[in-house]
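Engineer: The structure that follows is given in the form of structure tokens.
What follows is calculated from the coordinates using simple rules that are stated; it is not laboratory data. In this text the structure is predicted, and so the values were computed from the model without any measurement. Heads up, the Cβs are rebuilt from the backbone with ideal geometry, glycines too, and the neighbour counts pull from every protein chain shown.
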Amino acid sequence: MTGVTRHVPLRRCVGCGRQRPQAELVRLAAVPDEGIVVDRDQRRGGRGAYLCPDSKCVKRALARGSIPRALRTPGSGAAWAERILGAGT
Ligand SMILES: [Zn+2]
């Protein structure tokens, strides 16, 4: 170990607008035929949007329609939000 800080890719949460290391964020991707999916492994191609794994950010993004805007995909409901927040309630 050298103590040199390795470069960490930062991404902006579309909910709160804060920049955080990509690994701390949840990636959403617009996938043809599937719509907006939660890209847990961050391996999907295409346009992506990032959110803190925080219900406040998810709800804020949902209320603002930030995800469809960031992904440039129409409407498409809120199934992705339920997937982040945990299905059920
Ligand atoms: Zn956030």
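Engineer: Running a GNM on the chain with Cα contacts under 10 Å, which residue among D33, D54, D41 ends up with the highest mean-square fluctuation?
Structural biologist: D33
Engineer: Specify which residue in the list L71, V8, C52 is farthest towards the positive end of the charge dipole of the chain, using unit charges on the beta carbon of Lys, Arg (+1) and Asp, Glu (-1), about the Cα centre.
Structural biologist: Towards the positive end, the residue furthest out is V8.
Engineer: Compute the relative contact order of the range 1-85 as a whole-number percentage, counting only Cα pairs closer than 8 Å that sit 6 or more residues apart in sequence.
Structural biologist: Reported as a whole number, the value is 28 percent.
Engineer: First measure r as the distance between the Cβ atoms of D41 and R72, then evaluate 1/(1 + (r/R0)^6) with R0 = 35 Å and state the FRET efficiency to the nearest 0.05.
Structural biologist: Using R0 = 35 Å, I get an efficiency of 0.95.
Engineer: So, one more: Expressed as an acute angle from 0 to 90° and rounded to the nearest 10, what is the orientation of the C-alpha long axis of helix 55-64 relative to the principal long axis of the chain?
Structural biologist: Between helix and principal axis, roughly 50 degrees.
Engineer: Hey, another quick one. Per residue, what volume in Å³ does the Cα convex hull of the range 10-85 take up?
Structural biologist: 78 Å³
Engineer: Ordered by residue, what ³J(HN,Hα) values in Hz, to whole numbers, does the range 26-41 give under the Karplus form 6.51 cos²θ - 1.76 cosθ + 1.60, where θ = phi - 60° and Gly and Pro are x?
Structural biologist: Using θ = phi - 60°, the values come out as 9, 9, 10, 10, 8, 10, x, 6, 10, x, 8, 10, 8, 9, 4, 8 Hz.
Engineer: What residues have an amide H closer than 5 Å to that of G15, excluding those fewer than 5 places away on the same chain, when H is modeled at 1.01 Å from N in the peptide plane?
Structural biologist: Under 5 Å from the amide H of G15: C52.
Engineer: Here is a further query. I need the calculated FRET efficiency for the pair V4 and E24, taking r as the beta carbon distance and R₀ as 22 Å, to the nearest 0.05.
Structural biologist: In this case the efficiency is close to 0.60.
Engineer: Of all DSSP beta bridges located in the chain, what percent are antiparallel, nearest 5?
Structural biologist: 90 percent
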